[in-house]
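What follows is one structure encoded as structure tokens, with my remarks underneath.
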Amino acid sequence: MSQSSGSLDELTETVLESKRVFDGSRIHVRVDDVQMANGRRARREVVEHPDAVVILALRDDGNIAFVRQWRHPVGQPLLELPAGRVDPGESPVDTARRELREEVGLDPGRLDFTRGFYVAPGFADEFLHGFIARDCTESPLEADEDEELIVEWKPLGEAIDLIEAGEIIDAKSVILIQYLALEAVGPLGRKIVRHYRGQE
């Protein structure tokens, strides 16, 4: 492991060979043989997944929409913000509107992009687009056949408490909730946080 402050060229890897080893309905998996910038060779296993969205929907009373659903890979139900993958030919904005209608039954009057981020860049290429939805009206769409959801509404303060208590452990939800919390405290609040952390 090198700890230099050189150019990005010192990190770039070149794909020498790529092989698709699994095709599923939701994901694909490929194995890439790469040449690292230092000349060494390595093997990278990559999970391919379409872009996705996550939506923090705010009601007029300040409560946030959550969905509780069973997550088979982790063997337990998780409390999460509504989310879903972008279908072919669909924009992230259109996906966010559709997913919110399917999962919570709401159509946002205002939908603001917040942040985008990779979910697990060590092994997957999935990129998430984060949105905050406001001025929502009831407009349900039929939910996906393979999903069973319980909708719950919680205020921001309780959501933060649930993160601190380890009861909200879904990364995309944590990121968007903390983003909203930083927005809520405003520039002065963020300055106080930086000062508390010794950053200024």
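The values are calculated or read from the model by the stated rules, or taken from the named source; none is laboratory data. Note that this is a predicted model, so its numbers are computed, not measured. Here the Cβ positions follow ideal geometry from the backbone for every residue, glycine too, while neighbour counts run over all protein chains shown.
In the range 71-84, of all residues being touching a residue at least 12 places away in the same chain (Cβ under 8 Å) and either polar (S, T, N, Q) or touching an Asp or Glu at 6+ places or on another chain (Cβ under 7 Å) (or both), the one that is farthest from Gly130 (Cα to Cα) corresponds to Leu78. Based on this model, can you work out whether Ala42 counts as outside any strand (DSSP E or B) and more than 30 Å from Glu152 (Cα to Cα)? No; evaluated as a whole, the condition is false for this residue.
Here Glu103, Glu126 are screened, and the one residue that is touching a Pro at 6+ places or on another chain (Cβ under 6 Å), acidic (Asp, Glu) and outside the structural domain of Arg26 (by TED's automatic domain parsing) is Glu103. There is no residue in the range 158-179 that is crowded, with 16+ Cβ neighbours inside 10 Å, over 22 Å from Trp70 (Cα atoms) and not β-branched (Val, Ile, Thr).
Here's the yes/no breakdown for (1) of a type outside the set (Val, Ile, Thr); (2) closer than 13 Å to Val54 by Cβ; (3) touching a Ser or Thr at 6+ places or on another chain (Cβ under 7 Å):
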residue: Glu102; (1), (2), (3): yes, no, no
residue: Phe117; (1), (2), (3): yes, yes, no
residue: Pro121; (1), (2), (3): yes, no, no
residue: Glu126; (1), (2), (3): yes, yes, no
residue: His129; (1), (2), (3): yes, yes, no
residue: Ile132; (1), (2), (3): no, yes, yes
residue: Asp135; (1), (2), (3): yes, no, no
residue: Leu141; (1), (2), (3): yes, no, no
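In the range 148-179, the residue that is farthest from Val74 (Cα to Cα) out of those that are small (Gly, Ala, Ser) and in a helix (DSSP H, G or I) is Gly157. Tally time: how many residues in the range 32-48 are under 23 Å from the mean Cα position of the chain (by Cα) and either farther than 23 Å from Tyr118 by Cα or aliphatic (A, V, I, L, M) (or both)? So the answer is 2. Screening the range 68-101 for residues that are of a type in the set (A, V, I, L, M) and in contact with a helix residue (DSSP H, G or I) (Cβ under 9 Å, 6 or more places away or on another chain) and picking the one that is farthest from Ile27 (Cα to Cα) gives Leu79. Here Gly24 passes the criteria (1) out of contact with any strand residue (DSSP E or B) (no Cβ under 8 Å at 6 or more places or on another chain); (2) farther than 27 Å from Asp87 by Cβ except the one numbered (2). Please go through the range 82-120 and pick out each residue that is in contact with a strand residue (DSSP E or B) (Cβ under 9 Å, 6 or more places away or on another chain) and in a loop (DSSP other than H, G, I, E, B). Residues satisfying the conditions are Pro82, Val86, Val104, Gly105, Val119, Ala120.
Of all residues in the range 83-96, one or more are under 30 Å from Glu17 (Cβ atoms), crowded, with 18+ Cβ neighbours inside 10 Å and not assigned by TED's automatic domain parsing to the domain that holds Glu13. For the range 115-135, the tally of residues that are modelled with pLDDT of 95 or more and more than 30 Å from Arg20 (Cα to Cα) stands at 5. The set of residues in the range 138-154 that are of a type outside the set (Asp, Glu) and either modelled with pLDDT of 95 or more or surrounded by 14 or more Cβ atoms within 10 Å (Cβ to Cβ) (or both) comprises Leu141, Ala143, Leu149, Ile150, Val151, Trp153, Lys154.
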